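*Asks:* Take this structure, written in structure tokens, and hold onto it; I'll ask about it next.
A short reminder: the numbers here are calculations on the coordinates, not readings from a lab. Everything quoted here is computed from the prediction, not taken from an experiment. Cβ atoms come from the backbone with ideal geometry, glycine included; neighbour counts cover every protein chain shown.
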Amino acid sequence: MENILLLVHTEADGSLAKSALESLQAAQSLAGGLGGPALTIGIVGEKIQAAANQIAGCGAAKFLGVEGADFAQPRYASDAAAAEALCKAAEATVVIAPATSRWTRVLAGVAARLNGRVETHVTGLRAEDCAVSVTRWYYRQRMEAVLSRTQRPWVLLIDPGSQPAWEGATGTAVVETIAVTLPESSKRTTVTGLRAPSADAQTIRPDADLLFVTGAGWTKKQADGQTHVPEAEQIIFNFLKLTRASLGSSKSLVDLGGEGQAVISFLTHLNQIGQTGSTPRHPKGLSTCCHGEEPHAVGWRFIKERRAISLDANCGWARGKADVLYIADAFAVMAKVNELVGAQ
Amino acid sequence: MSTAYQIVVCGSIVPDPLQTLEPVSGPADPALKNEAMLPSVLDPWAGHALFEAANLAKNNPGSKVYLVSLAPKAKLQQVMMTLAQKVPFELVALDGSASGFTDAFETAGALADAILGIPGLDKSKLLVFGGWESASRCAGVTMQVIGEKLGIVDQFQGVDELKVNADGSLEILERIDGGKHQISTCSGAPALLGWATGNLPEPKNNPQVGMANMRVVMPALQKAKPAPVGAGGIAFASVALPKQLRETRIVKDAAPEEIAREIVEWISK
């Protein structure tokens, strides 16, 4: 019989993020499929009671927590110590956690400490005949595998957006605190702050309904034989401002900056999607001026509804991968889109 | 204050991203169709780590860069022909599978042992670099496990910038959720950094660097120890390409206004 631990951390405001609730739903479903082993919740943060209360109605057998000022900020040494202590206290054989940046950077190390194993970027969990198997992608989302492991504990990091979020009653949870004292050698690193663009300039919005993908075509010569980069920049920026869409970009467009060519000024490598970028999950995606075959198209593999604007009817980025392909000039279409959205 | 670092970059090879990849059942674990024939490149994020390491070494006199790589040595030799012309490094080669289907823990164990075997290794000067994820296994596991095996608890992943402060402390920018960076200060080496893209372009080929590197690359390849890594403990039920092919509706010869209206209606739904 497996012992399942859901491992979550608090956000800056003390609450649990949506990705934590998605992992809770996955943990509950797995426990159900395995015939109902007890689910333990482990929480890490500066203060954890509010987070525990947020999911008090989830039916967990036990709430464990590690809290204190040392655990307020994401730091490998302190997070690893906290997670290790919780896994040991819960005697977990399967540990489920959301693949947040905080957990992703630490739980493989924790698995190593526990002589267990880890699976990251898990997009599906299954229980068959009392055995757990998971689905994850290999070679940058180009092939999908279903696998199981004999080693325990088995840590499973669930990709945000891949599972439905748990919904249930709040309440008052009884949390058993696990004491973790950090040695000085674990305090050599201090988190000093965050660097983020101002709210208006922030173009990466993981919770947006729409991903707007820009390709290198925006910076190429247009029908008049000239490039129109400032105009492209204005159109894209206005669209993002009006729709609050998230901005993704092809690698080639981001790389142009390093090659000394005119670029879209607010694009960085953080916007890059695909082979060496992210593979975000949004309900809808609109790609413009993107070209390329399968390897380039993985960037929007997890976008549900997809539309594309391109001058090439046979482009592998769109044909067979988009629901609708508009053969048109993106400059003209997007300028009109902005007009219409602005008038709403 | 300038510190002479020992910078160990862990990086393997992956199939050229533009190649068509297809999984097949291997004798034990899954493999790629014609895997031995596929052209390879240095893993992209490991490449960024190597270029950042070389830049750090250049700015900190007395520093040395090692590239520890686990791959089939014939393929590794091919990749070295180009890579060795980019930046100065000393290769430590291990001969084994670079398949994405091997277990990251086995790979990490072999790499950690190789790092510990570097003559004159001084942990007080040690910075371990690598890509935060590979383009093959894509797990982000290997570097963390190497850090654990080396006893390094100052670890950073998704690193885009490293600055050495005047007092020798390290200021590090890591990618976090929502398009932001977390800024951390670490009092100094030893530390482990899994790099994302960093800030440096790929260096141009330099034949002089290539000549100097190849003098040690070839002997390193010749004495590469076998590293029999596999996927022990993993049972693959299936590995398959996504079959989803969409019926694309192609809209031709429509006016921009008409297309714009349709798009706005779709966005607003």
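*Asks:* By how many nm would the segment from B:ASP167 to B:GLU247 grow when fully extended, if each residue of separation counts as 0.36 nm and the alpha-carbon distance is taken off?
*Replies:* Taking 0.36 nm per residue and subtracting the Cα distance, the gain is 22.8 nm.
*Asks:* Rounded, prolate or oblate: which fits the range B:49-161, taking a ≥ b ≥ c as square roots of the Cα gyration tensor eigenvalues, rounded meaning a/c under 1.5, else prolate when a/b beats b/c?
*Replies:* Because its axes are fairly even, with a/c under 1.5, the range B:49-161 counts as rounded.
*Asks:* I would also like to ask the following. Okay, which of the range B:143-166 sit inside 15 Å, backbone N to the point 7 Å along the Cα-Cβ direction of A:LEU182?
*Replies:* Once the point is set 7 Å along Cα→Cβ of A:LEU182, B:153-156 turn out to lie under 15 Å by backbone N, inside the range B:143-166.
*Asks:* Using only C-alpha atoms and all pairs of different ones, pull out the Kirkwood radius for chain A in Å with one decimal.
*Replies:* Values: mean 1/r = 0.0455 Å⁻¹.
For chain A, inverting the mean 1/r across all distinct Cα pairs yields 22.0 Å.
*Asks:* If exposed GluC sites (Glu not before Pro) are those in a DSSP loop with at most 11 other Cβ within 10 Å, what is the longest stretch of chain A that has none?
*Replies:* Values: sites that count: A:GLU91, A:GLU167.
With a cap of 11 other Cβ atoms within 10 Å, the longest stretch comes to A:168-344.
*Asks:* Normalise the Cα radius of gyration of the protein assembly as shown by 2.2 N^0.38 Å (N = residues in it) and let me know the number.
*Replies:* 0.96
*Asks:* Could you give each residue of the range A:171-179 its phi-based ³J(HN,Hα) in whole Hz, using Karplus coefficients 6.51, -1.76, 1.60 with θ = phi - 60°, and x for Gly or Pro?
*Replies:* Computed from phi, the couplings for the range A:171-179 are x, 10, 9, 8, 10, 8, 8, 9, 7 Hz.
*Asks:* Now, a different point. Restricting to chain A, compute how many DSSP beta bridges are antiparallel as a %, nearest 5.
*Replies:* So the antiparallel bridges amount to about 20 percent of the total.
*Asks:* Next question. What residues have an amide H closer than 5 Å to that of A:SER249, excluding those fewer than 5 places away on the same chain, when H is modeled at 1.01 Å from N in the peptide plane?
*Replies:* Long-range HN contacts for A:SER249: A:THR214, A:GLN272, A:ILE273.
*Asks:* If you don't mind, another one. Starting from the Cα of A:LYS18, step 7 Å toward the Cβ, then list every residue of the range A:154-187 with an amide N under 15 Å from that point.
*Replies:* Counting only backbone N, you get A:159-167.
*Asks:* I'd like the projected area of the range A:4-186, averaged over all directions, using the convex hull of its alpha carbons. Report it in nm² with one decimal. Working shown, then result.
*Replies:* Working: hull surface 39.6 nm².
Over every viewing direction, the Cα hull of the range A:4-186 projects on average to 9.9 nm².
*Asks:* Oh, and also: Tell me which residues come under 5 Å, amide H to amide H, from A:HIS9 once H is placed; ignore anything under 5 positions away on its chain.
*Replies:* Here the answer is A:VAL44, since their amide H atoms fall under 5 Å of that of A:HIS9.
*Asks:* Return the tail of the calculated pair distribution for the range B:167-269, meaning the percent of Cα-Cα pairs more than 24 Å apart.
*Replies:* 73 percent
*Asks:* On to the next question. So, in nm, how far is label B:SER25 from label B:MET218 when the simple model puts each one 7 Å beyond its Cα toward the Cβ?
*Replies:* 4.4 nm
*Asks:* Using only Cα atoms, what is the ratio of the radius of gyration of the range A:210-343 to 2.2 N^0.38 Å?
*Replies:* Scaled against compact globular proteins, the figure is 0.96.
*Asks:* Same structure again: In chain B, what is the volume of the convex hull around the alpha carbon atoms, normalised per residue and reported in Å³?
*Replies:* Taking the convex hull of the Cα positions in chain B, it is 194 Å³ per residue.
*Asks:* Can you list residues whose amide H is under 5 Å from B:SER97's amide H, if they're 5+ apart or on another chain and H is modeled 1.01 Å from N?
*Replies:* Residues meeting the amide H criterion: B:VAL229.
*Asks:* Quick one: Karplus J couplings for the range B:90-105, per residue in order, coefficients 6.51, -1.76, 1.60, θ = phi - 60°, nearest Hz, x for Gly and Pro?
*Replies:* For the range B:90-105, the Karplus-derived couplings read 10, 7, 10, 9, 10, 9, x, 6, 9, 4, x, 8, 6, 7, 4, 5 Hz, x marking Gly and Pro.
*Asks:* Assuming R0 = 35 Å, what is the FRET efficiency of A:ALA38 and A:GLU11, from their Cβ-Cβ distance, to the nearest 0.05?
*Replies:* Computed FRET efficiency for A:ALA38 and A:GLU11: 0.85.
*Asks:* Give, as a single signed number, the net charge of other residues whose beta carbon lies under 9 Å from the beta carbon of B:ILE13, with Lys and Arg counted +1 and Asp and Glu -1.
*Replies:* The answer is 0.
*Asks:* From the phi angles alone, apply the Karplus equation (6.51, -1.76, 1.60; θ = phi - 60°) to the range A:85-93 and give each ³J(HN,Hα) in whole Hz, x where the residue is Gly or Pro.
*Replies:* Ordered by residue, 3J(HN,Hα) equals 5, 5, 4, 5, 5, 7, 6, 6, 9 Hz.
*Asks:* Once R0 is set to 30 Å, what does the formula 1/(1 + (r/R0)^6) return for the Cβ-Cβ distance between B:GLU258 and A:ASP207, expressed as a FRET efficiency to the nearest 0.05?
*Replies:* So the FRET efficiency works out to roughly 0.45.
*Asks:* Roughly how many nanometres apart are two label points built 7 Å out from the Cα toward the Cβ at B:LEU116 and A:ALA169?
*Replies:* Computed distance between label sites B:LEU116 and A:ALA169 equals 5.3 nm.
*Asks:* With no solvent and one equal point scatterer placed on each C-alpha of the range A:145-301, evaluate the Debye formula and give log10 I(q)/I(0) for q = 0.13, 0.18 Å⁻¹, two decimals.
*Replies:* -0.81, -1.14
*Asks:* Starting from the 7 Å offset along Cα-to-Cβ, what nm value, one decimal, do you get for the label separation of A:GLN344 and B:LEU200?
*Replies:* 4.6 nm
*Asks:* Something else now. Is the C-alpha gyration tensor of the range A:275-314 telling us rounded, prolate or oblate? Criteria: a/c under 1.5 is rounded; beyond that, a/b larger than b/c is prolate, otherwise oblate.
*Replies:* Because a/c hits 1.5 or more and a/b fails to exceed b/c, the range A:275-314 counts as oblate.
*Asks:* Can you give me the C-alpha center-to-center distance between the range A:42-66 and the range A:192-209, rounded to a whole angstrom?
*Replies:* 28 Å
*Asks:* Given the DSSP H assignment, sum -39500 (n - 2.57) over each helix run of at least 4 residues in chain B and divide by its residue total; what's the result at 222 nm in deg cm²/dmol, nearest 500? Can you show the working numbers first?
*Replies:* Numbers: 6 runs with 78 residues, N = 269.
My calculation for chain B gives -9000 deg cm²/dmol from helical runs alone.
*Asks:* While we're on this one: At 222 nm, what value in deg cm²/dmol follows for chain A if DSSP H runs of at least 4 each add -39500 (n - 2.57) and the sum is divided by all its residues, to the nearest 500?
*Replies:* Computed mean residue ellipticity for chain A: -7000 deg cm²/dmol.
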